[in-house]
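Before any comments, here is the structure.
Here, each number is a calculation from the coordinates, and none is a lab measurement. This is a predicted model, so every value here is computed, not measured. Quick reminder, even Gly has a Cβ in these numbers, built from the backbone with ideal geometry, and neighbours come from all protein chains shown.
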Amino acid sequence: MKNLGRKASLPVLAAVAATAVLGVVFAQVAGAHTAGTPLIGSVAAGKTLFKAQGCGKCHTLAAAKSTGTIGPNLNKIKPSQALVAKQVTTGGGFMPSFGGTLKKAQIDDIAAYVYSSTH
Ligand code: HEC
């Protein structure tokens with residue numbers, strides 16, 4: 001009987017876990033950038049950096065007229081500014097890291113540009 005009880009609770013646990021994960025993801029998306037919050041960094045400088053750093057070779061971004069397909073389409077994933085900054089800084093998943101070549105302020109500029117041109 002003890003065994004049965006344990007089996008029955010597994011799907012419940014899985015559902016609770018899935019809900020928790022979804023909640024976190026939703027909270028991140030919803031709280032990523034509320035309207036009116038000023039962007040960190042310069043959109044104009046970010047536009048230049050996006051081209052210079054070759055982001056468009058791997059990413060599609062309509063504002064930059066880039067059509068790369070190695071990485072996700074930025075117009076589709078509409079990343080938060082924080083997500084762009086994190087990904088550019090650390091790289092990962094076949095994307096190079098720019099944390100060693102760009103200053104934090106430059107990464108913020110790129111993130112401001114990607115955010116503002118996808119939202
Ligand atoms: C050599 C190809 C390449 C270059 C250059 C590149 N990326 Fe990426 N990028 C990728 C790949 C591949 C992924 C998917 C990584 C993954 O699935 O974990 C990615 C993911 C991302 C993501 C999404 C991260 C996430 O968690 O969803 C963002 C935002 C991003 N890149 C922005 C940029 C910006 C901005 C630049 C320029 C500074 C850049 N990338 C340069 C290949 C590249």
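Every Cα-Cα pair of segment 43-118 was included, and the share exceeding 16 Å stands at 39 percent. Convert each backbone phi in segment 100-108 into a coupling constant with the Karplus relation 6.51 cos²θ - 1.76 cosθ + 1.60 (shift: θ = phi - 60°), then list the ³J(HN,Hα) values in order as whole Hz, x for Gly and Pro. Along segment 100-108, the couplings run x, 10, 10, 6, 4, 4, 5, 5, 4 Hz. Among the chymotrypsin sites (Phe, Trp or Tyr not before Pro) in segment 30-119, those placed in a DSSP loop whose Cβ has at most 12 other Cβ atoms within 10 Å are Phe94. Backbone amide hydrogens, once placed in the peptide plane, bring Leu61 within less than 5 Å of Ser66, Thr67, Gly68, excluding anything fewer than 5 places away on its chain.
Only lysine pairs 8 or more places apart, or on different chains, with alpha-carbon atoms under 12 angstrom apart are counted in segment 43-118, and they number 4. The phi torsions of segment 81-87, fed into the Karplus equation with coefficients 6.51, -1.76 and 1.60 and a -60° offset, translate into couplings of 4, 5, 5, 4, 4, 5, 5 Hz, rounded to whole numbers, with Gly and Pro shown as x. In segment 43-118, taking the dipole from charged Cβ atoms about the Cα centre, the farthest positive-side position among Tyr113, Gly68, Thr101 is held by Gly68. Just flag the trypsin sites (Lys or Arg not before Pro) in segment 50-119 sitting in loop per DSSP whose Cβ has no more than 14 other Cβ atoms within 10 Å. Answer by residue number: Lys65, Lys103.
Residue-wise HN-Hα couplings along segment 63-77, as the Karplus relation 6.51 cos²θ - 1.76 cosθ + 1.60 with θ = phi - 60° gives them from phi, are 4, 9, 6, 9, 10, x, 10, 6, x, x, 5, 5, 5, 7, 7 Hz; Gly and Pro carry x. Charged side chains reduced to their Cβ positions (Lys and Arg at +1, Asp and Glu at -1) give segment 43-118 a dipole of some 100 debye around its Cα centre.
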